[in-house]
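Q: Mind looking over this structure? Questions follow.
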Amino acid sequence: MKLGVNIDHIATLRNARGDDFPSPVHAAFVVLEAGASNVTCHLREDRRHIKDDDVIIISKLTKRLNLEMSADEKIVKIALDVMPKSVTIVPERRQELTTEGGLDVAADIKRYESITGEFKFKFTDAAVSAFIEPDPRQIDAAAEAGFGFIEIHTGRYAGERTESGKYSELFKIKTAAEYARKIGLRVNAGHGLNYQNIYDIAMIGGFMEFNIGFSIISKSVFCGLETAVKEMLSIIKAAEFANCRNT
């Protein structure tokens, strides 16, 4: 299981002073050298953190950019021009602090089929993912729309405060991941994951990659970005090792 590190909040810190540092490009290289498999950036329509130039430079220099993006036509065009390693289509609302839920692919399958078709036409090996709830209806819709990957939204699990609630959400995620793989989709997971809750998710097994940002960037304030990434990776690898021993 791999780790993608979202560096949006490096850009948030940079933008707070309107300066050119700390640099998201520098951060991209640090997280990759620390063992991350890719760098995730969310180019929001309001450009509240990551900017167009960040996306262009990180994609060009690292060749390992996972671009989170809405289905907005202008953003899709930018992604097609930038040619990231992968794209993840997410819902987006201007007033939200962070992505609040999964994409409703089932509500407009034809629209998303058109977007996945554009990427596949231009990039034959394009990895196009839908960020969705652990819901079989949305999983079926993602497959029908031509997505090769899904990223399961783990925010509800991360936000649960009771053991019974966490167990219920874990069961939904496990069941959804198993179903998605059964119908031929590759499965990632992300949102709200941190150093305390990642182990139980990773113990489910079968995920290709976890995309984690805020908790890693927050921890890096105290211990450095390289150390923060390596610590998260060590927890994921420990769960992977435990899974292997159990099977």
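Q: Inspect the stretch 16-39 for any residue being buried (at least 17 other Cβ atoms within 10 Å of the Cβ) and part of a strand (DSSP E or B) and give the result as yes or no.
A: Within the stretch 16-39, one or more residues are buried (at least 17 other Cβ atoms within 10 Å of the Cβ) and part of a strand (DSSP E or B).
Q: For the stretch 193-216, which residues satisfy the criterion of being more than 14 Å from Leu3 (Cα to Cα) and out of contact with any Lys or Arg (no Cβ under 7 Å at 6 or more places or on another chain)?
A: Passing the criteria: Gln196, Asn197, Asp200, Met203.
Results for (1) in contact with a helix residue (DSSP H, G or I) (Cβ under 6 Å, 6 or more places away or on another chain); (2) modelled with pLDDT of 95 or more; (3) under 19 Å from Ile56 (Cβ atoms); (4) of a type in the set (A, V, I, L, M), shown as yes or no for each residue.
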site: Met83; (1), (2), (3), (4): no, no, yes, yes
site: Ile89; (1), (2), (3), (4): no, yes, no, yes
site: Gln95; (1), (2), (3), (4): no, no, no, no
site: Thr98; (1), (2), (3), (4): no, no, no, no
site: Thr116; (1), (2), (3), (4): no, yes, no, no
site: Lys120; (1), (2), (3), (4): no, no, no, no
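Q: Next question, about the same structure. Return yes when Ala71 is in a loop (DSSP other than H, G, I, E, B) and touching a residue at least 24 places away in the same chain (Cβ under 8 Å) and no when it is not. Full working, then the answer.
A: Values: in a loop (DSSP other than H, G, I, E, B): yes; touching a residue at least 24 places away in the same chain (Cβ under 8 Å): yes.
It is true that Ala71 is in a loop (DSSP other than H, G, I, E, B) and touching a residue at least 24 places away in the same chain (Cβ under 8 Å).
Q: Restricting to the stretch 123-146, name every residue that is assigned to a helix (DSSP H, G or I) and out of contact with any Leu (no Cβ under 9 Å at 6 or more places or on another chain).
A: Across the stretch 123-146, the qualifying residues are Pro136, Arg137, Asp140, Ala141, Glu144.
Q: Name the residues in the stretch 103-122 that are surrounded by fewer than 17 Cβ atoms within 10 Å (Cβ to Cβ) and either not aliphatic (A, V, I, L, M) or not in a helix (DSSP H, G or I) (or both), would you?
A: Asp104, Asp108, Lys110, Arg111, Glu113, Ser114, Gly117, Glu118, Lys120, Phe121, Lys122
Q: Go through the stretch 22-47 and give me each residue that's farther than 20 Å from Lys230 by Cβ and β-branched (Val, Ile, Thr).
A: Val25
Q: Testing Asp125 on (1) acidic (Asp, Glu); (2) modelled with pLDDT of 95 or more; (3) surrounded by fewer than 17 Cβ atoms within 10 Å (Cβ to Cβ), one condition comes back false. Which one is that?
A: (2)
Q: Please go through the stretch 141-171 and pick out each residue that is under 16 Å from Asn197 (Cβ atoms) and surrounded by fewer than 16 Cβ atoms within 10 Å (Cβ to Cβ).
A: Gly159, Arg161, Thr162, Glu163, Ser164, Gly165, Tyr167, Ser168, Phe171
The values are calculated or read from the model by the stated rules, or taken from the named source; none is laboratory data. Predicted, not measured: the structure shown is a model, and the values here were computed from it. As a convention, Cβ positions derive from the backbone with ideal geometry for all residues, glycine included, and neighbour counts pool all protein chains shown.
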